[in-house]
Amino acid sequence: MSDTVKLSYNGKEYEYPIIESVIGDRGINIAKLRDETGLITLDTGFKNTGATKSKITYLDGDLGQLYYRGYPIEQIAEKSTFTEVMYLLLEGELPTREQLTQFEADIKKNSLVSEEMKQILKSFPRSAHPMGVLSTLTNALTAFNPHAVNVKSERDLHNAFTLLLAKFPVLCAWTYRLKLGLPLNYSNNRLDYPHNFYQMMFRKPTEDFEVDELVVDAIDKLLILHADHEQNCSTSTVRMVGSAHTGLFASISAGVSALWGPLHGGANQAVIEMLETIKDDGGDLQKWINKAKSKNDNFRLMGFGHRVYRNFDPRARVIKKVADDIFNKLGIHDETLEIAKKLEEVALSDSYFAEKKLYPNVDFYSGIIYRALGIPTEMFTVMFALGRLPGWIAQWKEMRMNGEPINRPRQIYVGSPKRDYVEIDKRN
Ligand code: ACO
């Protein structure tokens, strides 16, 4: 196999080396392309562009494979905990018992959020979207922890990472409690991560608190499934913002904003809203499938399709099982969920979706589970953000450790050529 690619342009030949991968896509190193040829590449949406070399997550969209640090997601989801996964993504290896205990302790000692943060939280109206609130609060952590992270110091990095891993779930729970007008709960350091998050979300001062282990387990699995997904939109945002040497918390806050969009993490909210609309419209599934297929209609089947997966999203397989367990155990009967199941069936047997390789993605099912757990629709993407946090941090760390230069794409200019300024009275 050739280890270079030849380009012929203007009667000259140029040669560019192949970048090898461990598995998956290999790349062409075009670092010298512009200097040598005067050309740049155009790849709107980065469909063919590798932004970095990464050791964190591997996914094969055609085979529907996803590995965290080499471990298949199915094994991780079955055997691991979210806390272990956080460690794995950040440190590159699964922790020993001692390492895990130390990691948990380091997170717990940072779990108190400044009381002044509550003032910022409470200045939002209850109608505020939780993702906007979360992004703001995450950015505000910079003000409360102003010392820039010295990326040359392992200890500084570890402190900043564990601080964020500790405070972010509190901020997520607080955005939920604000939405519902409930008093804010604090972290309970006697509990492990998922039980602690569960109590911060759902414990009411007026009632005895009962823990549903199935729900805690489902939350932990959902967090694991969302923990990283290589160079997706929000992760690329975190890396890009961080490439300007912007601080960790501000970079992550930008990632939260990117995740909010309905074509990305916001799809889990959009799925439920779509199902509700279909239900209120009389439940004629074929009508909505036809709308999704029509070139003259902007409607898309939310929760279907993925930029990289052209096969079943492996996370969707795992999550579907979680959804079944939850519904069987809780004995839930919900018309919206019935519509979801039927819609999936109809879409999967339709040639349009088969030909375009559009399968349900992780967000088709995650929203359904969150709904069954009684989490308000607008909170769904916050749950996604909580899961994605360790991935964002690991990617930010990798980018800084690699000493990557500031991310600054070029463009092909197609606007007006140079022209002289026209005085206001002479414009028509
Ligand atoms: N419903 C109907 N048609 C679709 C859908 C859909 N959900 N998704 C893609 N298509 C069609 C497009 O219209 C296009 O058709 P064409 O080739 O005839 O023009 C073709 O499939 C390819 O679609 P693109 O938009 O080019 O694919 P891209 O990779 O850019 O987009 C995306 C991927 C954004 C996920 C898209 O499939 C989509 O909008 N899905 C719905 C939103 C969603 O569920 N997002 C969550 C993704 S998972 C995540 O971010 C966590």
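Below, the figures for the structure above:
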{"read-out": "Residue count, region 286-311 (criterion: assigned to a loop (DSSP other than H, G, I, E, B) and within 13 Å of the ligand (Cβ to nearest atom))", "value": "16"}
{"read-out": "Per-region count, region 1-20, residues of a type in the set (S, T, Y) and in contact (Cβ under 8 Å) with a residue 24 or more places away in the chain", "value": "1"}
{"read-out": "Within region 224-255, tally of residues that are under 19 Å from M379 (Cα atoms) and away from the ligand (no atom under 14 Å from the Cβ)", "value": "4"}
{"read-out": "Which numbered condition S54 misses (of (1) in contact with a helix residue (DSSP H, G or I) (Cβ under 8 Å, 6 or more places away or on another chain); (2) under 21 Å from I412 (Cβ atoms); (3) among the polar types (S, T, N, Q))", "value": "(2)"}
{"read-out": "Qualifying residue in region 371-380 (condition: surrounded by fewer than 24 Cβ atoms within 10 Å (Cβ to Cβ), over 16 Å from R315 (Cα atoms), more than 21 Å from the chain's Cα centre (by Cα) and within 13 Å of the ligand (Cβ to nearest atom))", "value": "no"}
{"read-out": "Positions within region 263-285 being near the ligand (Cβ under 10 Å from one of its atoms) and polar (S, T, N, Q), in sequence order", "value": "N268"}
{"read-out": "Residues located in region 55-101, provided they are buried (at least 18 other Cβ atoms within 10 Å of the Cβ) and of a type in the set (K, R)", "value": "R69"}
{"read-out": "Counted residues, region 326-368 - those being more than 12 Å from the ligand (Cβ to nearest atom), in a helix (DSSP H, G or I), out of contact with any helix residue (DSSP H, G or I) (no Cβ under 8 Å at 6 or more places or on another chain) and modelled with pLDDT of 90 or more", "value": "2"}
{"read-out": "Of the criteria (1) assigned to a helix (DSSP H, G or I); (2) near the ligand (Cβ under 9 Å from one of its atoms); (3) aliphatic (A, V, I, L, M), which one V318 fails", "value": "(2)"}
{"read-out": "Any helices (runs of 4 or more DSSP H) falling wholly within region 1-94 and containing at least 1 residues that are touching a strand residue (DSSP E or B) at 6+ places or on another chain (Cβ under 6 Å), away from the ligand (no atom under 16 Å from the Cβ) and of a type in the set (D, E)", "value": "33-37"}
{"read-out": "Any pair with Cβ under 7 angstrom, 6 or more apart, that starts in region 282-309 at a residue that is among the aromatic types (F, W, Y) and ends at one that is near the ligand (Cβ under 6 Å from one of its atoms)", "value": "F299/A292; F304/L358; F304/N361; Y309/N361"}
{"read-out": "Matching entry among L63, L100 (being more than 28 Å from M240 (Cβ to Cβ), at pLDDT below 95 and either of a type outside the set (V, I, T) or under 18 Å from the mean Cα position of the chain (by Cα) (or both))", "value": "L63"}
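The values are calculated or read from the model by the stated rules, or taken from the named source; none is laboratory data. Only a predicted model underlies this, so the values are computations on that prediction, with no experimental measurement involved. Glycine gets a Cβ as well: all are built from the backbone with ideal geometry, and neighbour counts include every protein chain shown.
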